[in-house]
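Novice: Below you will find the structure I want to go over with you.
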Amino acid sequence: MGGLQKKKYERGSATNYITRNKARKKLGLNLADFRRLCILKGIYPHEPKHKKKVNKGSTAPRTFYLLKDIRFLLHEPIVSKFRDYK
C-alpha cells in the first residue's frame, strides 16, 4: 500500500535539478565565485527534458544544475577557501 503520496514537484525530474541561484546560496558563494568554481571543477549547467516540470510550472528562462553536482561541490575543500576571501 505505501505511505503518504508525494506532492507535485516532489518527485521525478523536478528533484534532480536546482536553479543557479539556489545552488549559489546553498554553497554560500557570490555569483563570480560560483562561476569560477564551476569552471575549475568542470560542472556545467544542464537543460532538463521537461523544463516546465523542473521550473514548477513556470516557463521563465533559468539556469539549472544537477543536484548531484552541487552536492559534490559541497564537500570540496576549495569552497571554504572561496568563503575565506570575503
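Readers should treat all values here as calculations from the given coordinates under stated rules, not as data from a laboratory. Model, not experiment: these values are computed from the prediction. Note that we place each Cβ from the backbone using ideal geometry, even for glycine, and neighbour counts take in every protein chain shown.
Novice: Could you list, in their original order, any pairs among 26/52; 8/49; 25/81; 8/56; 22/51 whose Cα atoms are separated by more than 19 Å? Walk me through the numbers on the way to the answer.
Specialist: Numbers: 26/52 23 Å; 8/49 17 Å; 25/81 16 Å; 8/56 9 Å; 22/51 16 Å.
Distance filter (> 19 Å) returns 26/52.
Novice: OK, next. May I ask you to derive the FRET efficiency for residue 49 and residue 8 from their Cβ-Cβ distance with R0 = 25 Å, giving the value to the nearest 0.05?
Specialist: E(calc), rounded to 0.05, equals 0.90.
Novice: Give the long-range amide H neighbours of residue 64: residues separated by 5 or more places, or on another chain, with amide H under 5 Å away, using H modelled in the peptide plane at 1.01 Å from N.
Specialist: Under 5 Å from the amide H of residue 64: 46.
Novice: Still on this structure, please answer the following. With viscosity set to 1.567 mPa s at 4 °C, what whole-number translational diffusion coefficient in µm²/s follows for the chain from Stokes-Einstein and a Kirkwood radius over Cα pairs?
Specialist: It diffuses with D of about 92 µm²/s by this estimate.
Novice: What size of dipole, in debye to the nearest 20, comes out for the chain about its Cα centre when the only charges are +1 on Lys and Arg C-beta atoms and -1 on Asp and Glu C-beta atoms?
Specialist: Once rounded to the nearest 20, the dipole reads 360 debye.
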